Amino acid sequence: MTALKNAARRVLHSMGGLAMLRKRSREHSRVLMFHSFNEGDQTKLDSICAEITKTCQPVSLNNIVEAARGHATLPDFAVTVTIDDAYRSYLTWGHPVFLRHKIPVTVFAVAGFSDGRLWLWPDQIEFALENTNRTSVHAEVQPGNILDLDLSTPASRSAATSQLNEALKLVPDEARLAFIANLESLTGVSIPPYPPANRAAMTWDQLRAIAADGVEIGCHTETHPILSRVASPEKLEREIRGAKEFLESRLWLPVNHFCYPNGRAIDIGPAAAEMVRKAGYISATTTTWGMNPVPADPWAIKRLPFSGDTSPEYAAELLAGLHLPDNVAPG
Ligand SMILES: [Zn+2]
């Protein structure tokens, strides 16, 4: 960041500029999106939570969805927190902080991952590319779609991981599954049946425990596919309705909210969107960046991307409505 930008930021934060900006989005709800957490995030996360409670009104996702439907009112500056994937790192590093600040949280669990039957597939890719001895691989994402990935440095491995993940989000589901099934022979890395601790899911007991603390548990499919790439209606049914029923049978609680994997419009598709509406949910969250007006479409809840590593200054700006894509007004 340039010195000029730093100076402008200081003025914005110190002269009431953010408060002025925030007023533009007074009646919009803020749905924050987090994923995993690290030990080092604790201090920043504590500051982010302090900013949330100082400048906004924490409410439940239920409250925001009911208001989106026109069935409830919201306080000004309504905000809630969502956590995708239900990694165990949330329990260790995130949950105590949100609980201490009394901020309502919804955790979106991947049924098969929570059940210990699978790793999340982007984590398998990352694990294989981090641990391979090869300095390059010739990755056939699908017939005729080949990526020559340079793995000679940590930076190139990281870039290769992103490139491969993005490519796999665009191919038919069967091609992605075939690629993952071939990952060991491609990289020479043996992928253990269970993910390492830093990529593990919360167990059912842990999910029930955070639910008892007031956390809402929502559904994030059965296996975390890109739903728009799933051609089989039966598989879509398992991922959307089946995952809900399975989560409910293990949690002994209703599961009312759905969260789309990857969550951009191109990742969702009309068939999945229709099935979500018919499967008994009351909302669906996306990764479309933005705030939600009242009323809004409860099947396309927009969110603001956060991480435990987000700087408190940037967090304050996001909460005030800065950094929205294309500088659009909130909504
Ligand atoms: Zn996810």
Open item on the list: Looking for something more than 17 Å from residue 219 (Cα to Cα) and in contact with a Gly (Cβ under 8 Å, 6 or more places away or on another chain) - is there at least one such residue anywhere in region 298-306?
Closed with: yes
Task: Selection within region 210-231 - more than 13 Å from residue 256 (Cα to Cα), of a type outside the set (Val, Ile, Thr) and touching a residue at least 40 places away in the same chain (Cβ under 8 Å) - done: 211, 213, 214, 222, 224, 225, 227, 228, 229, 231
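Condition check ((1) under 20 Å from residue 310 (Cβ atoms); (2) basic (Lys, Arg); (3) in contact with a helix residue (DSSP H, G or I) (Cβ under 9 Å, 6 or more places away or on another chain)) across all residues:
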{"site": "32", "(1), (2), (3)": "yes, no, yes"}
{"site": "39", "(1), (2), (3)": "yes, no, yes"}
{"site": "46", "(1), (2), (3)": "yes, no, yes"}
{"site": "50", "(1), (2), (3)": "yes, no, yes"}
{"site": "55", "(1), (2), (3)": "yes, no, yes"}
{"site": "58", "(1), (2), (3)": "yes, no, yes"}
{"site": "69", "(1), (2), (3)": "no, yes, no"}
{"site": "72", "(1), (2), (3)": "no, no, yes"}
{"site": "81", "(1), (2), (3)": "yes, no, yes"}
- [ ] Collect the residues in region 234-259 that are in a loop (DSSP other than H, G, I, E, B) and either surrounded by 15 or more Cβ atoms within 10 Å (Cβ to Cβ) or in contact (Cβ under 8 Å) with a residue 40 or more places away in the chain (or both), keeping them in residue-number order.
- [x] 252, 253, 255, 256
Open item on the list: Suppose we filter region 260-279 for residues that are within 16 Å of the ligand (Cβ to nearest atom), within 15 Å of residue 108 (Cβ to Cβ) and assigned to a loop (DSSP other than H, G, I, E, B); how many remain?
Closed with: 4
Task: Sole exception among (1) within 16 Å of the ligand (Cβ to nearest atom); (2) within 30 Å of residue 10 (Cα to Cα); (3) in contact with a His (Cβ under 7 Å, 6 or more places away or on another chain) for residue 305, by number - done: (3)
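Per-residue answers, yes or no, for (1) in contact with an Asp or Glu (Cβ under 8 Å, 6 or more places away or on another chain); (2) buried (at least 24 other Cβ atoms within 10 Å of the Cβ); (3) small (Gly, Ala, Ser); (4) in the same structural domain as residue 255 (by TED's automatic domain parsing):
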residue	(1), (2), (3), (4)
51	no, no, no, yes
59	no, no, no, yes
65	no, yes, no, yes
72	yes, no, yes, yes
77	no, no, no, yes
81	no, yes, no, yes
87	no, yes, no, yes
102	no, no, no, yes
111	yes, yes, yes, yes
Task: Failed condition for residue 253, given (1) out of contact with any Phe, Trp or Tyr (no Cβ under 7 Å at 6 or more places or on another chain); (2) within 19 Å of residue 117 (Cβ to Cβ) - done: (2)
- [ ] Report yes if residue 162 is under 22 Å from the mean Cα position of the chain (by Cα), within 30 Å of residue 82 (Cα to Cα) and more than 16 Å from the ligand (Cβ to nearest atom), otherwise no.
- [x] no
Open item on the list: Based on this model, can you work out whether residue 36 counts as closer than 30 Å to residue 203 by Cα and assigned to a helix (DSSP H, G or I)?
Closed with: no
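The values are calculated or read from the model by the stated rules, or taken from the named source; none is laboratory data. Since the model is a prediction, treat every value here as computed from it, not as a measurement. No Cβ is skipped: glycine too gets one built from the backbone with ideal geometry, and neighbour counts run over all protein chains shown.
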